[in-house]
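Down below is the structure, laid out as structure tokens.
Quick note: the coordinates plus some simple rules give every number you see, no bench work behind them. These numbers were taken from a predicted model, which means no experiment stands behind them. With ideal geometry, Cβ positions are generated from the backbone for all residues, glycine too; neighbour counts draw on all protein chains shown.
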Amino acid sequence: DLFHKDVRSMYMMKIDLSMVDFAKAFRIFVCDSGFHVGGLEAQRLNRMSACFADVYLRDNPDCGIHDAYGGDALAQSLLFIHTVKFNKASEPKGGGPQLPSPQEYVSMMRGQNKRRVNGELVEDDFSPWFLERQYKEILSKEIGFKGVSKSSSRKKRETKRRDIRWEARESFKKNIRKGFA
């Protein structure tokens, strides 16, 4: 739906992730931008990580990530690593995947930082040092609202989302009236 895409674009324009390391920015995006990833279906997670990659690359053009595909792949891989580490349902005894070592993670991400050379898409690797740093950061603590009860946290998220949606909707209406849409 065009309206929802426009609202999402306006929402993303309000988020600033400049000068922040990738994994820390992902944590900020998920925790402080009104999103709640728990229980989301795969399509919505994909959309959310793609939006994050777009915002991160917009705000950090010289970060070493060549395009939104690489940023999206990195964001999804960090979400996977985080889920394996902190989600009780994914523990090995429950049949879930095991947490890869940092070296296995670097290997898993090989070829994901695609870039264009003479008009052709070429696979490239993220720096192992960069990936290991992201790996350690995402595992340093659980993504969530610590110290706040779940019901209180949910109410705060809903209020923040409602405020941001209202602001985006009003801004969208003004732009339509001005003829910028």
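I'd like the Karplus ³J(HN,Hα) series for the stretch 47-61: coefficients 6.51, -1.76, 1.60, θ = phi - 60°, whole numbers in Hz, and an x wherever there's a Gly or Pro.
4, 5, 5, 5, 5, 4, 4, 4, 5, 4, 5, 4, 7, 9, x
For the stretch 41-123, what's the relative contact order in percent, using C-alpha pairs closer than 8 Å and at least 6 residues apart?
Contact order relative to length: 25 percent.
Report the calculated FRET efficiency for Arg110 and Lys88 (r = Cβ-Cβ distance, R0 = 35 Å), to the nearest 0.05. Present the calculation step by step, with values, prior to reporting the outcome.
Values: r = 30 Å, r/R0 = 0.86.
The computed FRET efficiency comes out at 0.70.
How about the stretch 1-85: which chymotrypsin sites (Phe, Trp or Tyr not before Pro) there lie in a loop by DSSP and see at most 12 other Cβ atoms within 10 Å?
Qualifying residues, ordered by number: none.
I want to check the label-to-label distance for Asp1 and Asp32. Put each point 7 Å from Cα in the C-beta direction and report it in nm to one decimal.
My value for the distance between the label points is 3.0 nm.
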